[in-house]
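Read the structure below first, then the notes.
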Amino acid sequence: MEQNLYEKVGGEEAIAKVVDYFYSELVLKDDTVNHFFKETDMEKQRRHQSKFNIFTMRLLILE
């Protein structure tokens, strides 16, 4: 059976790693945008963004 996109990218664990990298290595190290996240609970933000990306990828599977 062929894997869907969600499975091909590695599922929930892989998506969480990408989101973590995005915030840790790109957003928070970029002085042009990191000030927007100064008062943000980043663990909560990472969880929320991971769940959002997982949800949207699963929706794509249903189409």
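The values are calculated or read from the model by the stated rules, or taken from the named source; none is laboratory data. Every value quoted in this text rests on a predicted model; they were computed, and no experiment measured them. Heads up, the Cβs are rebuilt from the backbone with ideal geometry, glycines too, and the neighbour counts pull from every protein chain shown.
Computed quantities for the displayed model
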quantity	calculated
Identity of the residue in the stretch 1-36, polar (S, T, N, Q) and part of a helix (DSSP H, G or I), that ends up surrounded by the most Cβ atoms within 10 Å (Cβ to Cβ)	34
Residue in the stretch 12-32 that is modelled with pLDDT under 95, within 16 Å of the chain's Cα centre (by Cα), of a type in the set (Phe, Trp, Tyr) and on the phi < 0 side of the Ramachandran plot present	no
Residue check for residue 58: modelled with pLDDT of 95 or more, charged (D, E, K, R) and either surrounded by 10 or more Cβ atoms within 10 Å (Cβ to Cβ) or not in a helix (DSSP H, G or I) (or both)	no
